[in-house]
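Report on one structure; see the data block that follows.
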Amino acid sequence: AAIARRIVPNVHLVNRFAQCSRTFRTNLSNGSISSNPGIYMYCTAVATSVYFGWKWIRKNAVVEAAKPTRRMTDEPSLRGLKLNHRERRFIKFASAEYQGQLYMTPQDFIESVTDSEPRPRMKRRILHERDLDQFAQETPVLSKGSPDMFRNIFDRGTISYTEYLFLLSILTKPQTGFRIAFNMFDTDGNERVDKEEFLVLEKIFSTARRDRLNRALEGAVKSSTTGEDVEVLEDELQKSHVVDTTLLLHFFGRKGKQDLKFEEFKMFMENLQTEVLEIEFNEFSKGLPAITELDFAKILLRYTYLQSDQYEMYLERLLDRIPEGKGITFNEFKSFCQFLNTLDDFAIAMRMYTLADQPISQEEFHRAVKICTGAELSPHIVDTVFKIFDDDGDGQLSYKEFIAIMRDRLHRGFKHTSRSEGWDAFKQCVKSEMKAVV
C-alpha cells in the first residue's frame, strides 16, 4: 500500500518514459538515432530519474512499514509465555474480539466445558460499540436469572478470561462452599458485593499477566532485526480497558450501581451448574425423561484419560451386569454430580475404611455420601456406580480407581494443569500470577 501511494503520482513519468522508448526504437530502426541526439539524451535522463525515483520509493516504503513499533501478541507470539491448558483452551474457543482483546460468548463457554472442539467458524467476530450496546440491552437482570440463561443469550454477550476461570471454579464448587466464594469478593464484609469489589481480582490478574508477557517477549524484542525499539502490546487475554461483560451487566445492572447479595450469588451458581448438567443430560436423553445406565457411564468416563480398551471394559462390564436397565432421571444424575463436587471430603471419609483394609459396600457408600452432602443418592444410581467400578462383582467398590476417574470427570480434563482444584484452583491461579510479578 505504501509503494502504491508513491507510484500513483509518478504514473505520468512512467508513461513519458514508455513513449520515449518507443520513439527511440523507431528512430533506431530507421537509422535516424544519430541525427536526433536530443531524443537519446532525453531518454537517458528519464531512465535515470525513474531509477533513482524507484530507489527512493522503496526506501520510504520500508521506513513506513517499520514505523509501527508495537508488537502484536497474536496466538503464535503468546507461545513464548508458556500458556497453560486453560489459557490455550480459552483462546481456542473464544469467538469474539474487541479492541484486540479476546472474549468468549456464553455459548463459547458452554461448548468449552461440554465439547472437545469449538464449533466451526471462519474467523473471530470483531465487536464494535454498537454490538456491546445491543448486548447490554439483551442481558437479563439478576432477578430474571434462570438455568437456561447462557443458552438464551447464546452469542450475544462477552466473557473475559478471568471470568472464564471464575465460571470454571463454580462448576466444581459444592453448595456448602458458595459462602466462601462470595466472601472472596466481599472485601469490606458488608454482606454485599459491588462492581468494584468484583473487579479486584480482574485488575490484579490483568496487571500480573501483562508484566509476565512483557518479560517473556523481551528477548524477542531485543533481537529484532529492524533495529527499532519495539513496544510490546498488552496481552490479548487481559487488557487495561474495562468492558461491561455479560456477568457485570447481569450482576450489577447497566449503570453498574447495583449490589450483589449472597442469595442472588448462590442462585446464579446453582443455575449455572444446573444448566451445564442439563446440556450434558439432554445430549444423551434426546428429549426423553431418562438416560440409560450405559449413557450414564459414558458421561462419567468422557473426560478421563483411560485407554480405549479400558474404556470399553467398563462399558462391557456394565452391560453384562445390567442387561435391562430402568434408566436414570435428570434429578438422579444431578444429585450424583453435586456429590462429585464434595469428592475430596468423600475421599477423606473413605480413607478410614481403606486404611483399615475394609471393603466399601453400598451401605458405607450411602452413609459417606450423606455425611458429605447432607443428601442421599438413589439406591439405583449407587448400584449402577458399583456395577461400573466393582472389579470382581463381589459388591465392593474399587475405591482408588473410582476416586481417580471421578476426579477426571469432575474437572473435565483440566485436572492435570493444576494441583489445586475447584475454588482453590482459581485462588491458586491468581496467586501464581501475582508471584510472577515479583
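Report every pair of residues separated by at least 6 positions or lying on different chains whose Cβ atoms are under 7 Å apart, first residue within segment 83-96 and over 15 Å from THR114 (Cβ atoms), second open to solvent by 50 Å² or more (accessible area, probe 1.4 Å) and in a helix (DSSP H, G or I). Taking only residues 6 or more apart or on different chains, the pairs are ILE91/GLU75.
Per-residue answers, yes or no, for (1) crowded, with 19+ Cβ neighbours inside 10 Å; (2) closer than 29 Å to VAL369 by Cβ:
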site: GLU111; (1), (2): no, no
site: ARG124; (1), (2): no, no
site: THR162; (1), (2): yes, no
site: THR172; (1), (2): yes, yes
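Of the residues MET313, MET350, the single one that is without any contact (Cβ under 8 Å) to a residue 12 or more places away in the chain and over 23 Å from LEU171 (Cα atoms) is MET313.
Within segment 332-354, can one find any residue that is in contact with a Ser or Thr (Cβ under 8 Å, 6 or more places away or on another chain), of a type in the set (Val, Ile, Thr) and under 17 Å from PHE386 (Cα atoms)? Checking segment 332-354: not a single residue is in contact with a Ser or Thr (Cβ under 8 Å, 6 or more places away or on another chain), of a type in the set (Val, Ile, Thr) and under 17 Å from PHE386 (Cα atoms). Filtering GLY287, GLY256 for residues that are open to solvent by less than 20 Å² (accessible area, probe 1.4 Å), over 20 Å from the mean Cα position of the chain (by Cα) and at pLDDT below 95 leaves a single hit, GLY256.
Considering segment 91-174, the qualifying helices (runs of 4 or more DSSP H), each wholly inside and each with 2 or more residues that are in contact with a Leu (Cβ under 6 Å, 6 or more places away or on another chain), run over 161-171. Quick one: would you say LYS298 is part of a helix (DSSP H, G or I), modelled with pLDDT of 85 or more, in contact with a helix residue (DSSP H, G or I) (Cβ under 9 Å, 6 or more places away or on another chain) and open to solvent by 30 Å² or more (accessible area, probe 1.4 Å)? Judged against the criteria, LYS298 is a match. Return yes or no: is ARG179 surrounded by fewer than 18 Cβ atoms within 10 Å (Cβ to Cβ) and touching a Leu at 6+ places or on another chain (Cβ under 8 Å)? For ARG179, the condition - surrounded by fewer than 18 Cβ atoms within 10 Å (Cβ to Cβ) and touching a Leu at 6+ places or on another chain (Cβ under 8 Å) - is not met.
Set side by side, the residues ASP244, ASP229 differ, and just one is open to solvent by 10 Å² or more (accessible area, probe 1.4 Å) and at pLDDT 70 or above, which is ASP244.
The condition of being open to solvent by less than 90 Å² (accessible area, probe 1.4 Å), in contact with a strand residue (DSSP E or B) (Cβ under 6 Å, 6 or more places away or on another chain) and touching a residue at least 60 places away in the same chain (Cβ under 8 Å) holds for TYR103. Exactly one residue out of ASP155, ASP194 is open to solvent by 10 Å² or more (accessible area, probe 1.4 Å), closer than 27 Å to ASP133 by Cβ and more than 24 Å from the chain's Cα centre (by Cα): that is ASP194. Per the conditions (1) open to solvent by 40 Å² or more (accessible area, probe 1.4 Å); (2) more than 19 Å from LEU301 (Cβ to Cβ); (3) modelled with pLDDT of 90 or more, the sole criterion not satisfied by LEU355 is (3). For segment 369-414, the candidate set comprises residues that are polar (S, T, N, Q) and in contact (Cβ under 8 Å) with a residue 40 or more places away in the chain; within that set, the residue that is most open to solvent (accessible area, probe 1.4 Å) is THR373.
The values are calculated or read from the model by the stated rules, or taken from the named source; none is laboratory data. Predicted model only: the values in this text are computed from it and were never measured. When we count neighbours, we look across all protein chains shown, and the Cβ atoms used for this are built from the backbone with ideal geometry, even at glycine. These accessible areas exclude ligands, DNA and RNA; they are computed on the full protein's heavy atoms, side chains included. Shrake-Rupley method; radii C 1.70, N 1.55, O 1.52, S 1.80 Å.
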